[in-house]
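Everything on this sheet refers to the single structure shown next.
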Amino acid sequence: MVTNREIQWSNTLLERVRQVRQFENRPILRAHIGVAADSIEPTVQAVEKLADAQCLEIVSLAPDQPSQEYLAKFIRGEEDPTSTSGAGRRPDPHQRRLRRLKAATQRGNYP
């Protein structure tokens with residue numbers, strides 16, 4: 001039996017699907033995580049816990065569901081990116097914060 005420590009998990013979706021099917025014979029699991037807070041730290045900590053628990057293959061890193069759903073509209077100027085409607089926060093254009101979220105996934109089973 002292959003353990004998670006012996007697997008070098010892929011960063012690409014199709015390869016990750018193949019790996020999970022091959023090693024664990026199940027579909028991949030994805031969850032959205034985005035803690036509505038004044039800083040990114042609660043979300044980083046939540047992502048680290050999920051990665052350590054090895055319970056997901058994909059962590060959706062957008063701050064909230066409306067951010068994911070309406071990102072293209074924000075970019076086109078059809079939605080107000082400072083709107084606080086919906087859960088969580090607006091899309092985060094800051095690369096430093098996105099890098100922190102990505103770094104939080106680089107542990108456990110590397111979701």
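The values are calculated or read from the model by the stated rules, or taken from the named source; none is laboratory data. Just so you know, these numbers come straight off a predicted model, no measurement behind them. Cβ coordinates were reconstructed from backbone atoms using ideal geometry, including for glycine residues, and neighbour counts include every protein chain displayed.
Structure values in brief
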read-out	value
Cβ pairs under 8 Å, 6+ apart, first in the range 9-27 and of a type in the set (Lys, Arg), second assigned to a helix (DSSP H, G or I) and at pLDDT 90 or above	26/20
Test: residue 19 is among the polar types (S, T, N, Q) and assigned to a helix (DSSP H, G or I)	yes
Tally of residues being surrounded by 12 or more Cβ atoms within 10 Å (Cβ to Cβ) and under 17 Å from the mean Cα position of the chain (by Cα) across the range 5-28	6
Within the range 30-49, tally of residues that are of a type outside the set (Gly, Ala, Ser), in a loop (DSSP other than H, G, I, E, B) and surrounded by 13 or more Cβ atoms within 10 Å (Cβ to Cβ)	3
Which numbered condition residue 73 fails, given (1) modelled with pLDDT under 70; (2) on the phi > 0 side of the Ramachandran plot; (3) surrounded by fewer than 14 Cβ atoms within 10 Å (Cβ to Cβ)	(2)
